[in-house]
Amino acid sequence: MKPIIAPSLLSADFGNLERDVRMLNESQADWMHLDIMDGMFVPNISFGIPVVKAVRKISEKPLDVHLMIMQPERYIHTFKQAGADLLTVHWEACTHLHRTITQIKEEGMLAGVAINPHTPVAGLEDIINDVNLVLIMSVNPGFGGQKFIPRSLHKIEELAEMIKRNNSEALIEVDGGVCRDNVTSIINAGADAVVAGNAVFGSSDPAAEIIALKEL
Ligand code: DX5
Ligand code: ZN
């Protein structure tokens, strides 16, 4: 099975966002990944709800919204209205993760949970049958263009085993430092979907790069 490719708009040219979204529409990309940062959960601020709404108007692909914000439960309905199809919250940012996941699904979105590089996969055991997706952060969240943390491969394998053991249907998405050189080992470890920011938008031919990631 070919992997799901979710280019991250964090690395797009914000002065030409419509052009870049239309390029993704025409490309082999499966989802559009939107990174929301609040300057608290992560040391960076990216973009917010009006930008998600603007992308929704142009995008012909599902919007995969990754919330790197504290207490994301405050904004579930808002992101649904803005056009999110898949809403991922951080394990580390939720006191009542099960309730938050339930609310995301009740809003009619797919629900994802993300874990930072230091967060053990084992902590997901009691939520794995409730989520549609687990996002393994393979860099410390906050910035595009960072180097893939090799330990992440072991976490993907461990998560794949947990999903199998629990008969869960959760997808595994990997985010951070994904490129041509490591995508094969990431997929072989058990990932279903990969996010790629710098690899796609830093390329002179982003559409060709997406094909390269999908075909490797
Ligand atoms: C990092 C974000 C990523 C980022 C990935 O905090 O969650 O989605 O855009 O960018 P690359 O692929 O450049 O590491
Ligand atoms: Zn992301």
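Points to keep in mind about this one:
Yes/no per residue for (1) surrounded by 15 or more Cβ atoms within 10 Å (Cβ to Cβ); (2) charged (D, E, K, R); (3) within 16 Å of ligand 1 (Cβ to nearest atom); (4) under 22 Å from LEU24 (Cβ atoms):
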| site | (1), (2), (3), (4) |
| --- | --- |
| VAL113 | yes, no, yes, no |
| GLU125 | no, yes, no, no |
| ILE149 | yes, no, yes, no |
| HIS154 | no, no, no, no |
| GLU161 | no, yes, no, no |
| ARG165 | no, yes, no, no |
| GLU173 | yes, yes, yes, yes |
| ALA189 | yes, no, no, no |
| ALA199 | yes, no, yes, yes |
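- Filtered residues of region 95-120 (kept if assigned to a loop (DSSP other than H, G, I, E, B) and within 17 Å of the chain's Cα centre (by Cα)): MET109, ASN116, PRO117, THR119
- Residue match in region 129-141 (condition: in a helix (DSSP H, G or I) and either over 25 Å from GLY39 (Cβ atoms) or touching a Phe, Trp or Tyr at 6+ places or on another chain (Cβ under 6 Å) (or both)): no
- Across region 39-63, the number of residues qualifying as more than 15 Å from ASN25 (Cβ to Cβ) and either aliphatic (A, V, I, L, M) or in contact with a Leu (Cβ under 9 Å, 6 or more places away or on another chain) (or both) comes to 9.
- Residue within region 64-87 that is within 21 Å of ALA196 (Cα to Cα), out of contact with any strand residue (DSSP E or B) (no Cβ under 7 Å at 6 or more places or on another chain) and not in a loop (DSSP other than H, G, I, E, B) present: no
- Residues that are in contact with a strand residue (DSSP E or B) (Cβ under 6 Å, 6 or more places away or on another chain) and assigned to a strand (DSSP E or B) were ranked within region 23-48; the one that is farthest from GLY142 (Cα to Cα) is MET32.
The rows are residues; the columns are (1) within 16 Å of ligand 1 (Cβ to nearest atom); (2) more than 19 Å from HIS90 (Cα to Cα).
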{"position": "ASP13", "(1), (2)": "yes, yes"}
{"position": "SER27", "(1), (2)": "yes, yes"}
{"position": "PHE41", "(1), (2)": "yes, no"}
{"position": "ILE49", "(1), (2)": "no, no"}
{"position": "HIS66", "(1), (2)": "yes, no"}
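Values in this text are rule-based calculations from the coordinates and carry no lab data. Small disclaimer: the values here were computed from a predicted structure and weren't measured. Positions of Cβ are generated from backbone atoms using ideal geometry, with glycine treated the same way; all protein chains shown enter the neighbour counts.
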